[in-house]
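Chemist: Before anything else, here's the structure in question.
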Amino acid sequence: MCGLAGEFRFTPVATPPRPANLAAVERITHHLAPRGPDAWGFHSQGPIALGHRRLKIMDLSDGSAQPMVDSQLGLSLAFNGAIYNFPELRSELESLGYAFYSDGDTEVLLKGYHAWGAELLPRLNGMFALAIWERDSQQLFLARDRLGVKPLYLSRTGERLRFASSLPALLKGGDIDPMLDPVALNHYLNFHAVVPAPRTLLANIEKLPPATWMRIDAQGRCEQHVWWNLHYGPRTDEQHLSLEDWRDRVLDSTREAVAIRQRAAVDVGVLLSGGVDSSLLVGLLREAGVDDLSTFSIGFEDAGGERGDEFQYSDLIARHYGTRHHQLRIDEREIIEQLPAAFRAMSEPMVSHDCIAFYLLSREVAKHCKVVQSGQGADELFAGYHWYPQVDGAQDPYAAYRDAFFDRSLAEYRDTVQPGWRVENDAAGDFVRQHFAQHGASAAVDKALRLDSTVMLVDDPVKRVDNMTMAWGLEARTPFLDYRLVELSARIPAQFKLPDGGKQVLKEAARLVIPSEVIDRKKGYFPVPGLKHLQGATLDWVRELLLDPSQDRGLFQPAMLDRLLSDPHGQLTPLRGSKLWQLAALNLWLSEQGI
C-alpha cells in the first residue's frame with residue numbers, strides 16, 4: 001500500500017521533446033508521505049517522471065522499491081495497492097521464461113504487463129492503481145482496480161498529464177486552477193456527497209473510473225477502455241439453486257477472500273463494529289488459524305437520544321474469540337479538534353459520520369499493526385440497506401430510490417445554491433436515471449444494487465476507508481470486495497437477499513460461523529451522533545464555519561443558511577444526515593485544502 005505520482009509531458013508533432021517537471025512530481029509525491037512512510041523514490045526519463053511513497057508490506061527488501069525500472073523490458077512502474085494472487089501469477093510467468101529478482105507483487109505486475117499487456121488486468125485479484133511507462137513506444141498506461149478501492153486522480157492540460165493517489169497531493173504540483181465544478185456540486189448536495197467518476201468537485205481534476213485503463217501517447221492522444229463489468233442475475237446452471245445452496249457458496253467464497261488477504265500480513269487486525277460483516281471476518285480469521293488477532297472498536301458520546309457506541313456487540317465478539325481487543329471512546333472536544341485533520345486527509349469532501357470514526361480508529365490501529373481487514377461492501381452487495389425493499393416493490397424504481405437516498409429535492413437544491421453555482425438540469429437525478437436504464441440488470445432492486453456497488457460504494461464507503469486509513473500509513477483490506485465474491489453476489493436473486501431485514505443469504509452463512517446475537521440485532525454502523533444532532537460546542541463551531549465572512553465563497557443562499565441554523569435538529573436528509581453538517585463539511589474541506 002503506497003502512494004504514486006507522475007507527469008507525462010506531451011510532445012507535439014515537429015516539436016523538440018520537453019522533459020517532465022520533476023520538481024512538481026517531487027512536491028506531489030512527498031505530500032503522499034502518510035500513505036507510504038517507509039521509503040520513497042523517483043524516476044525521470046525525458047517526458048516522464050514517476051514518484052512513489054512506499055509502505056512495506058509484501059516484500060520488506062529494497063528489491064521491491066519503486067518506481068521499479070526494468071531496462072531490459074523497457075518498462076517502468078509506479079503502483080499503489082496489493083495483488084493477492086501474485087504468487088500464482090509469478091509461477092505462470094516463470095514458466096514463460098521470466099526471471100525474478102524480488103519477492104513481492106510489484107515485479108509481477110511489471111513482467112505481467114510485458115507478457116500480456118492490458119490483458120494482465122483481468123488476471124489480477126487485488127486492489128490497485130498503477131502507472132506503467134513504455135519507453136520504446138513512448139506511451140503511458142494507467143489502470144484502476146475493478147471496484148476502485150485504490151484511487152487515481154488526474155490533471156490534464158494541452159501540454160501534460162499529471163496523476164496522483166490523492167487530490168490534495170495533485171494540487172501541490174501547482175499549475176491547477178482549483179475552480180469548483182457546478183455539476184459536481186449538484187451531485188454533492190443531492191447524491192449524498194457522491195461525485196461519480198470521472199468528475200471531482202474541482203473542474204480541473206478528474207479521477208480515472210474504476211475498472212478502467214487509459215493509454216496516452218506522446219502527442220497526448222488518449223485511449224480509454226472499461227475492462228470489467230458487473231452483470232446481475234443467475235447463470236443458467238444456477239436458476240434452481242436454493243437459499244442453502246447460495247449460502248454455502250457465499251460462505252466458501254468469503255472464506256477464500258479472507259484467507260487470500262492474509263498473505264504477507266504478520267500483525268492482523270480487524271475493524272470490529274460488532275455487526276454481522278466485521279464479526280464474520282473475525283470468525284473466519286480465527287477459523288483460518290490466526291491466533292494473535294487484534295480487534296478495534298470506537299464509540300462516541302450519546303446525542304439527541306441516540307447511543308454513540310455499539311460496544312455491547314463488539315465486546316461480545318472479542319470475548320467469544322479471545323481477541324486482543326482495543327476499545328476507543330472519543331468525546332466531543334476531540335472530535336472538534338481532529339475534524340480539520342480528518343478533512344485534510346480527504347481527497348474529496350465526505351459527509352458520512354463514519355469518516356471521523358475511521359480517521360481516529362485508524363490512528364489507534366496503526367500503533368499496533370500495518371494491515372487491517374474491514375467489512376466494507378457487504379451492504380451494497382447483499383442488499384443491507386433499507387431502501388432496497390422500497391425499490392423492489394415500486395412501480396417507478398428510480399423514483400423510489402431517489403426518495404430514499406437523495407438528500408434534497410430539485411427545488412430545495414435550487415434554494416440552497418446561489419445562482420452562479422446552480423445547474424438548471426437535475427444532474428444527479430439524470431445520472432441515476434441513466435444508470436438504471438443500462439443493460440446488465442433487469443430486476444428493479446438489481447438496478448439499485450448495481451448503482452450502489454459500482455458508484456456509491458466506490459465514492460463513499462471505499463474512499464472513506466482508503467483516505468482515513470492511509471492518513472496513518474495503515475493498509476485496509478476489504479474481503480467482501482474480492483471480485484469473485486462480488487460477481488457471485490450479483491448472481492444471487494433478490495429473494496435471497498431482501499428477507500430478514502436484508503442480507504439474508506449472508507446472515508445465513510454467518511450463522512454457521514459466529515454467535516447469533518450479533519446477527520439478529522438491529523442494524524447499526526459507526527455512529528457519531530454529535531455530527532447528526534448538532535448541539536453545544538459542535539453547533540457553535542458549525543455556525544462559525546458557515547457564517548464567518550472569511551469562509552464565504554458565495555456558494556450558499558443566506559436564507560437557506562438561516563433556515564438550517566434556526567432548526568439544526570429538524571433538518572435531516574432521508575438518510576438521517578444533517579443538511580447543515582453537509583454544507584459545513586464542504587466549507588471545511590475547501591478551507592483545509594487551501595481553496
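The values are calculated or read from the model by the stated rules, or taken from the named source; none is laboratory data. Everything numeric in this text was worked out from a predicted model, so none of it was measured. As a convention, Cβ positions derive from the backbone with ideal geometry for all residues, glycine included, and neighbour counts pool all protein chains shown. With ligands, DNA and RNA removed, areas are computed over all heavy atoms of the protein, side chains included. Shrake-Rupley method; radii C 1.70, N 1.55, O 1.52, S 1.80 Å.
Chemist: What nm value, rounded to one decimal, do you get for the distance between Y101 and R553 when each label is placed 7 Å out toward the C-beta?
Modeler: Taking the two extended label points, one gets 4.7 nm.
Chemist: Which is farthest toward the positive dipole end of the range 103-161 among G104, T157, L121, measuring Cα position about the Cα centre, with Cβ charges +1 (Lys, Arg) and -1 (Asp, Glu)?
Modeler: Looking along the dipole axis, the top candidate is T157.
Chemist: Given Cα positions, please report Rg to Rh for the chain, the hydrodynamic radius being the Kirkwood one.
Modeler: Ratio of gyration radius to Kirkwood radius for the chain: 0.95.
Chemist: By how many nm would the segment from Q434 to T15 grow when fully extended, if each residue of separation counts as 0.36 nm and the alpha-carbon distance is taken off?
Modeler: That works out to 146.6 nm of additional length.
Chemist: If you take the charge dipole of the range 187-323 about its Cα centre, with +1 on Lys and Arg Cβ and -1 on Asp and Glu Cβ, which of L202, L285, S242 is farthest toward its positive end?
Modeler: With unit charges placed on the Cβ atoms, the residue in question is L202.
Chemist: What whole-number value in Å² describes the accessible area per residue of the range 416-504 for a 1.4 Å probe?
Modeler: With all protein chains present, the range 416-504 gives 30 Å² per residue.
Chemist: How much length, in nm to one decimal, is gained on full extension between D562 and L73, taken as 0.36 nm per residue of separation minus their Cα-Cα distance?
Modeler: Between D562 and L73, full extension yields an extra 169.8 nm.
Chemist: Further question: Heavy atoms of the protein only, probe of 1.4 Å, neighbouring chains included. What is the accessible area of S91 in Å², nearest 10?
Modeler: 70 Å²
Chemist: Would you mind pulling out the separation of the Cα centroids of the range 434-466 and the range 185-233, in Å?
Modeler: So the two Cα centres are separated by 14 Å.
Chemist: Let me ask something additional. Given points 7 Å out from each Cα along the Cα-Cβ axis, report the Q395 to E412 separation in nanometres with one decimal.
Modeler: Going from the Q395 label point to the E412 one covers 2.4 nm.
Chemist: If you rank E334, E487, E7, E119 by how much accessible surface each has, with a 1.4 Å probe, what is the order from largest down?
Modeler: Ranked list, largest accessible area first: E119, E487, E334, E7.
Chemist: In the range 477-505, which residues have a backbone nitrogen under 20 Å from the label point lying 7 Å from S91's Cα in the Cα-to-Cβ direction?
Modeler: 484, by backbone N distance to the label point.
Chemist: Sticking with this structure for a sec: Please compute the per residue accessible area over the range 295-376 with all protein chains in place, 1.4 Å probe, rounded to a whole number of Å².
Modeler: Accessible surface, normalised per residue, equals 36 Å².
Chemist: Let me ask you something else. Which one, F311, N21, S273, is farthest towards the positive end of the dipole of the chain when Lys and Arg carry +1 and Asp and Glu -1 on their Cβ?
Modeler: Ranked along the dipole, the leading option is N21.
Chemist: Report ³J(HN,Hα) in whole Hz for each residue of the range 40-56, in order, from the Karplus equation J = 6.51 cos²θ - 1.76 cosθ + 1.60 where θ = phi - 60°; Gly and Pro get x.
Modeler: With coefficients 6.51, -1.76 and 1.60, one gets 8, x, 9, 9, 10, 8, x, x, 10, 9, 10, x, 8, 10, 10, 9, 7 Hz.
Chemist: Another question, if that's okay. Can you pull the percent of the chain's accessible area that's carbon plus sulfur, 1.4 Å probe, other chains left in place?
Modeler: Of all accessible area on the chain, carbon and sulfur atoms account for 48 percent.
Chemist: Here's another thing I want to ask about it. In whole Å, what are the extents of the range 407-549 along the principal axes defined by its C-alpha atoms, from largest to smallest?
Modeler: Each principal axis gives a Cα extent; for the range 407-549 these are 57, 39, 32 Å.
Chemist: Given the Cα atoms of the range 3-226, and with Rh set as the inverse mean 1/r over their pairs in the Kirkwood sense, what is Rg to Rh to two decimals?
Modeler: Rg/Rh for the range 3-226 comes to 0.96.
Chemist: Moving on. Normalised by the residues of the chain, what does the relative contact order come to in percent, with Cα pairs under 8 Å and at least six apart?
Modeler: This gives 16 percent for the chain.
Chemist: Please work out the average accessible area per residue across the range 3-226, using the 1.4 Å probe convention, and give it in Å².
Modeler: It amounts to 34 Å² per residue over the range 3-226.
Chemist: Also, quick follow-up: Heavy atoms only, probe 1.4 angstrom, no DNA, RNA or ligands counted: give me I330, I260 ranked by accessible area, highest first.
Modeler: Ranked list, largest accessible area first: I260, I330.
Chemist: Here is a follow-up. Hey, can you grab everything whose amide H is under 5 Å from the amide H of Q139? Only 5+ residues off in sequence or another chain; H modelled, so Pro and N-termini drop out.
Modeler: Long-range HN contacts for Q139: E134.
Chemist: Under a Cβ-only charge scheme (Lys and Arg +1, Asp and Glu -1), can you give me the dipole magnitude of the chain about the Cα centre, in debye to the nearest 20?
Modeler: The calculated dipole for the chain is roughly 640 debye.
Chemist: Another question, then. Multiply the residue gap between A537 and D315 by 0.36 nm, knock off their C-alpha separation, and tell me the result in nm, one decimal place.
Modeler: So the extension gain works out to 76.9 nm.
Chemist: Anything over 31 Å Cα to Cα? Flag those among K463/K522; K111/K463; K111/K447, in the order listed.
Modeler: K111/K447
Chemist: Still on this structure, I have one more. How big is the range 147-282 by the Kirkwood estimate over distinct Cα pairs, in Å?
Modeler: Averaging 1/r across every pair of different Cα atoms and inverting gives 19.1 Å.
Chemist: Whole Å is fine, so just give me how far the alpha carbon centre of the range 558-587 lies from that of the range 164-179.
Modeler: Measuring centre to centre over Cα atoms gives 29 Å.
Chemist: Also, I was wondering about something else. For the range 3-226, what is the charge dipole size about the Cα centre, in debye to the nearest 20, if Lys and Arg each add +1 at the Cβ and Asp and Glu each add -1 at the Cβ?
Modeler: 580 debye
Chemist: Send over the semi-axes of the range 152-220's equivalent ellipsoid, whole angstrom and largest first, taken as the square roots of 5 times the C-alpha gyration tensor eigenvalues.
Modeler: 22, 15, 10
Chemist: While we're on this one: Put a dot 7 Å past each Cα toward the Cβ at W227 and A23; how far apart are the dots in nm?
Modeler: Computed distance between label sites A23 and W227 equals 3.5 nm.
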